[in-house]
Amino acid sequence: MIRLSKRMSKHLRHDPGRVGLTLDPAGWVDLDEFLDALGVSRENVLEVVARNDKQRYEIVDGRIRASQGHTVAVELDLPVVPPPPVLFHGTVARYLPDILREGLRPMSRHDVHLSASVETAVRVGSRRGKPVVLAVDAAAMAGDGHEFRVSTNGVWLAAAVPPNYLREHVS
């Protein structure tokens, strides 16, 4: 199932055209088209969607999309919402000097991904080595006019996080 989840992520977030899919402007594609394009069963896809620990995918009205993390052009139409006072971002030490100088940038994605919990940030940072967790002063950012959105799976999204809102979180 992990392999199928990675294939789903690739084609719903990064390269739908490779399997002949076209996402609508909000990132949705017909579920039956998706199943045909990947050559997989509905049962397996539904199991991946249900069991994915990050809840990366959503199915609504016979359509499927990735919740966030796209590198292809999509507009998820998520409303602007007030964030909790502090959000967190997991990274690794080798990126810390650049981040503290330049802030958090979306890089190839549409938004910077933030979490409401230290635990999630640690898990995200651990994918590339020993994690470093940054605390984001989301309350100050929002007060200064920065917008936040939250995806259906609870990932907080911001266009960028300037360095003056960041500090290293020490557990």
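Restricting to region 70-81, and then to whatever is assigned to a loop (DSSP other than H, G, I, E, B) and closer than 27 Å to Gly143 by Cβ, can you tell me which residue is modelled with the highest pLDDT?
Just the residues of region 70-81 that are assigned to a loop (DSSP other than H, G, I, E, B), to begin with: 70-79, 81.
From what's left, closer than 27 Å to Gly143 by Cβ: 75-79, 81.
On the way: Glu75: 80, Leu76: 78, Asp77: 83, Leu78: 87, Pro79: 91, Val81: 96.
By that ranking, first place goes to Val81.
Look through region 100-151, keep the residues that are in a loop (DSSP other than H, G, I, E, B) and among the polar types (S, T, N, Q), and return whichever of them is surrounded by the fewest Cβ atoms within 10 Å (Cβ to Cβ).
Quick first cut of region 100-151, residues in a loop (DSSP other than H, G, I, E, B) only: 103, 105-111, 116-117, 129-130, 144-147, 151.
Adding the requirement that they be among the polar types (S, T, N, Q) leaves 108, 117, 151.
On the way: Ser108: 8, Ser117: 12, Ser151: 19.
Applying the filter and picking the extreme gives Ser108.
Taking the conditions (1) outside any loop (DSSP other than H, G, I, E, B); (2) more than 19 Å from the chain's Cα centre (by Cα); (3) not hydrophobic (A, V, I, L, M, F, W, C) in turn, Arg7 satisfies each one other than (2).
Considering (1) out of contact with any Lys or Arg (no Cβ under 7 Å at 6 or more places or on another chain); (2) in the same structural domain as Asp32 (by TED's automatic domain parsing); (3) surrounded by 13 or more Cβ atoms within 10 Å (Cβ to Cβ), say which one Glu58 fails and leave the rest. So the condition that Glu58 fails would be (1).
Listed here are the residues, each with its yes/no results for (1) farther than 30 Å from Asp15 by Cα; (2) among the small types (Gly, Ala, Ser); (3) touching a strand residue (DSSP E or B) at 6+ places or on another chain (Cβ under 7 Å).
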site	(1), (2), (3)
Arg94	no, no, no
His110	no, no, no
Lys130	no, no, yes
Ala139	yes, yes, no
Asn153	no, no, no
Ser171	yes, yes, no
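Looking across region 85-105, the residues that are touching a residue at least 60 places away in the same chain (Cβ under 8 Å) and not small (Gly, Ala, Ser) come down to Leu87, Phe88, His89, Leu96, Ile99, Leu100, Arg101, Glu102, Leu104. Mind checking which residues of region 26-58 are over 29 Å from Val124 (Cβ atoms) and hydroxyl-bearing (Ser, Thr, Tyr)? Residue satisfying the conditions is Ser41 alone.
Being within 21 Å of Leu157 (Cβ to Cβ) and surrounded by 12 or more Cβ atoms within 10 Å (Cβ to Cβ), is that true of even one residue in region 40-47? Walk me through it before giving the result.
Taking region 40-47 as the starting set, the residues that turn out to be within 21 Å of Leu157 (Cβ to Cβ) are none.
Taking every residue of region 40-47 in turn, none turns out to be within 21 Å of Leu157 (Cβ to Cβ) and surrounded by 12 or more Cβ atoms within 10 Å (Cβ to Cβ).
Checking each residue in region 14-23 for being assigned to a loop (DSSP other than H, G, I, E, B) and surrounded by 12 or more Cβ atoms within 10 Å (Cβ to Cβ) picks out Asp15, Leu21, Leu23. Quick test of your reading of the structure: Ser67 fulfils all but one of (1) more than 18 Å from the chain's Cα centre (by Cα); (2) crowded, with 19+ Cβ neighbours inside 10 Å. Name the failing condition by number. It fails just one condition, (1). Number of residues in region 82-99 that are in a helix (DSSP H, G or I) and either loosely packed, with under 14 Cβ neighbours inside 10 Å or of a type in the set (Phe, Trp, Tyr) (or both) equals 5. Within region 24-56, being in a loop (DSSP other than H, G, I, E, B) and either at positive phi or not aromatic (Phe, Trp, Tyr) (or both) holds for Asp24, Pro25, Ala26, Gly27, Gly39, Val40, Ser41, Asn52, Asp53, Lys54, Gln55, Arg56.
The values are calculated or read from the model by the stated rules, or taken from the named source; none is laboratory data. In this text, all values refer to a predicted model and were calculated from it rather than measured experimentally. For neighbour counting, all protein chains shown are included, and Cβ atoms are generated from backbone atoms with ideal geometry for every residue, glycine included.
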